[in-house]
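Some notes on the structure that comes next.
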Amino acid sequence: MNHWAFVTAAYVVALGGTVALLAWAYATMRRAEAAAEATKRK
Amino acid sequence: MHRFANPARFLKFAKPATVWLFVIGLALAVAGLVGGLAFTPPDYLQGETVRIMYVHVPSAWLGMGGWTGIAIASIAQLVWRHPLAAVAGRALAPAGATFAAICLVTGSIWGRPTWGTWWEWDGRLTSMLILFFLYLGYIALASAERERGGEGRIAALFGLIGAINLPIIHYSVTWWRTLHQPQSFGTAGSAIDPSILWPLPLATLGFSCLFGAAVLMRMRAELAETKVEARIRRAAAE
């Protein structure tokens with residue numbers, strides 16, 4: 001049994017999940033703050 | 001805590017803190033993971049698969065830590081009616097759910113070569129799966145309450161009741177000894193050899209900072225959305 005295949009799979013899941021969470025949180029924050037700024041100017 | 005009851009004061013702290021948590025978290029997580037992958041020996045029994053520990057343990061810690069945060073936010077909301085408590089609870093839930101899911105999947109991947117099975121209905125795995133479902137329930141409940149314009153008190157009650165699962169997860173390996181190993185850390189020290197252990201605190205601290213950055217970003221998004229909704233309502237009323 002190739003142990004490195006399991007290690008790689010676990011790291012892909014962990015890093016992929018973390019990056020996805022951060023990217024989603026950043027995108028929603030940027031969008032919401034841009035909308036708040038736009039309504040402030042109106 | 002009451003110092004941050006004012007959203008403007010909170011944002012003054014949150015904006016630089018988001019950047020710092022992200023940068024420090026990234027540096028520590030990379031150091032921990034590179035250290036764990038390249039600078040530690042394989043375990044004498046588990047071989048190379050022991051390296052899964054450097055992503056599995058931080059995700060388990062953050063899956064449970066996220067709900068601990070929700071329980072604290074729930075108390076702050078129900079007892080002191082802290083204006084940011086519901087926002088914090090809603091921001092913590094998706095981050096906690098993500099790490100609970102990562103913990104379950106990486107644990108399953110680790111289980112296959114070490115236990116010979118992807119899944120076992122033992123106390124630790126089952127209680128962790130329940131925590132993941134509790135997160136989904138909390139997200140649905142808190143979103144529904146927010147859409148209806150509620151204060152989030154039902155979600156806060158759910159957050160407090162759900163915290164009963166945390167000691168069950170913690171002591172599950174003592175109460176029901178099945179496949180999952182007993183606790184590796186205790187008051188007597190660690191059961192893990194120092195040559196393998198050292199990257200774990202780095203990775204755990206790094207992922208914790210990244211978790212904190214994600215939570216702060218979600219809180220900032222929620223506060224900005226509330227501001228937009230209030231301005232639209234005000235404009236419609238004028």
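Just so you know, all these numbers are worked out from the coordinates, no wet-lab data involved. Note that the coordinates shown come from a computational prediction; the quantities given were computed from them, not determined experimentally. Positions of Cβ are generated from backbone atoms using ideal geometry, with glycine treated the same way; all protein chains shown enter the neighbour counts.
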**Request:** Over chain B, calculate the relative contact order: mean separation of alpha carbon pairs under 8 Å at least 6 apart, over the residue count, as a percent.
**Result:** 34
**Prompt:** Cα to Cα, under 18 Å, and not fewer than 8 places away if on the same chain: which aspartates and glutamates meet these conditions relative to A:LYS40?
**Reply:** B:GLU222, B:GLU225, B:GLU229, B:GLU238
**Fill in**
Per the Cα gyration tensor, the protein assembly as shown corresponds to an equivalent ellipsoid with semi-axes, largest first in Å, of 37, 21, 16
**Message:** Report the Cα-based extents of segment B:83-238 along its three principal axes, largest first, to the nearest Å.
**Reply:** 67, 30, 29
**Message:** At R0 = 30 Å, how high is the FRET efficiency between B:PHE133 and B:PHE185 if r is their beta carbon distance? Nearest 0.05 is fine.
**Reply:** 0.70
**Item:** Degrees, to the nearest 10: B:153-162 long Cα axis against longest axis of chain B
**Value:** 10
**Prompt:** Projected onto the charge dipole of the protein assembly as shown (+1 at Lys/Arg Cβ, -1 at Asp/Glu Cβ, origin at the Cα centre), which of B:GLY111, A:VAL7, B:SER208 gives the Cα projection farthest towards the positive end?
**Reply:** B:SER208
**Prompt:** To the nearest 10 degrees, how steep is helix B:7-38 against the longest Cα principal axis of chain B, on a 0 to 90 scale?
**Reply:** 10
**Positive-pole candidate from B:ILE161, B:ILE192, B:GLY149, dipole of segment B:147-225, charges at beta carbon** = B:ILE161
**Request:** Obtain the nm distance between the two label points defined at B:VAL34 and B:ILE154 by a simple spin-label model: each point lies 7 Å from its Cα along the Cα-to-C-beta direction.
**Result:** 5.0
**Message:** Quick check on the protein assembly as shown: helices-only [θ] at 222 nm, where DSSP H runs of length 4 and up contribute -39,500 (n - 2.57) each and the sum goes over total residues. Nearest 500, please.
**Reply:** -27500 deg cm²/dmol
**Item:** Relative contact order %, segment B:1-87, counting alpha carbon pairs below 8 Å whose residues are six or more apart
**Value:** 32
**Asked** Which longest uninterrupted range of chain B lacks any trypsin sites (Lys or Arg not before Pro) assigned by DSSP to a loop state (not H, G, I, E or B) and surrounded by at most 16 other Cβ atoms within 10 Å?
**Response** B:1-80
**Item:** Under the Karplus curve 6.51 cos²θ - 1.76 cosθ + 1.60, θ = phi - 60°, whole-Hz ³J(HN,Hα) for segment B:41-56, x wherever Gly or Pro sits
**Value:** x, x, 5, 5, 9, 8, x, 5, 5, 4, 5, 5, 3, 6, 10, 6
**Rounded tilt (10° steps) of A:3-41 against the dominant C-alpha axis of chain A** = 0
